[in-house]
Amino acid sequence: MCDLCREKLSHRFAPSRRTFVVGATATIGMGLTDAAGAKESSAPPKPQNVLSPDAALARLQQGNSRYVEGVSRRHDFKHEREALTAGQNPFAGILSCADSRIAPEYAFDSARGDLFVCRVAGNFANTETIASLEYGVAVLGTPLILVLGHDSCGAVDAAIKSLKDGTTLPGHLPSLVTGVAPAVNAVLQQGGDTLGKAIRQNVIDNVAKLRSATPILSAAVEQNKLKVVGGIYRLKNGRVDMVA
Ligand SMILES: [Zn+2]
């Protein structure tokens, strides 16, 4: 985390006089209010990214349509870079698989400063990714989070095989199995396309987990400042189908 971010975060959640009176939960609520206020009082580096949750979702989907159709915009990286030296206000947070074929910035035809992307094989929310997304929402004012799974996910497939056979994967890989195990276990006995069902269930489970993640994300959802949705990237044509 850079010095600027650290300073903003510590300021946002620094105990105030009222904090000691009203307690921790209300403090977070105040923090979110402060974040909104800060957005209004200082010019955001990308004014076009100040969107409602629904408008942010529409913009993601429009970007994906351009990507699918092969008409992605040409991005001027040089001037984008210069414009963002003072800050960021991404319009969407993405929790994506680490799979090299996904690339959220391409899939939604977006530029620098647009997406706050957290990636982990199996696209499940752990403590670190929840904390990162909390930062995006509470400090940067991000109005939308998308959990993005994809076809033929190797992490989910490995978890299915490990849980089915009772084998333990080498190294740190068991932590990925643990991350997607709830979704795999929920569909394992259903038969049919176990991999496809587990990928979908994993997205749905993690959308629910982020929506209810107390105290920051759940409060933002309750105040209609944040929407959490889920989609699956189709490898064949690049389309993202919404599932939650
Ligand atoms: Zn994957």
Taking a probe of 1.4 angstrom, what is the accessible area of SER96 in Å², to the nearest 10?
0 Å²
What is the range 54-140 by shape, rounded, prolate or oblate, if you read a ≥ b ≥ c off the alpha carbon gyration tensor as root eigenvalues and call it rounded for a/c under 1.5, prolate for a/b larger than b/c, and oblate otherwise?
oblate
Note on the range 142-199: alpha-carbon gyration tensor, axes a ≥ b ≥ c; rule is a/c under 1.5 for rounded, else prolate if a/b larger than b/c, else oblate; result oblate
For the range 61-106, Rg(Cα) over 2.2 N^0.38 Å is 1.36
Trypsin sites (Lys or Arg not before Pro) within the range 51-87: DSSP coil, no more than 14 neighbouring Cβ in 10 Å:
ARG73, ARG74
For the range 131-244: lysine pairs under 22 Å (alpha-carbon distance), excluding those fewer than 8 apart on one chain
6
Enter the accessible area of LEU173 (Å², nearest 10), with the probe set to 1.4 Å and all protein chains included.
80 Å²
Bin width 10 Å, origin at 0, all Cα-Cα pairs of the range 101-244: what percent of pairs per bin?
11, 40, 35, 13, 1
For the range 175-244, radius of gyration divided by Kirkwood radius, i.e. Rg to Rh on alpha-carbons
1.04
Tell me, what is the FRET efficiency for ALA55 and LEU169 to the nearest 0.05, using R0 = 51 angstrom and their Cβ-Cβ distance as r?
0.75
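The values are calculated or read from the model by the stated rules, or taken from the named source; none is laboratory data. Everything numeric in this text was worked out from a predicted model, so none of it was measured. Note that each Cβ is placed from the backbone with ideal geometry, even for glycine, and that neighbours are counted across all protein chains shown. Note: areas computed on protein heavy atoms with side chains; ligands, DNA, RNA excluded. Shrake-Rupley method; radii C 1.70, N 1.55, O 1.52, S 1.80 Å.
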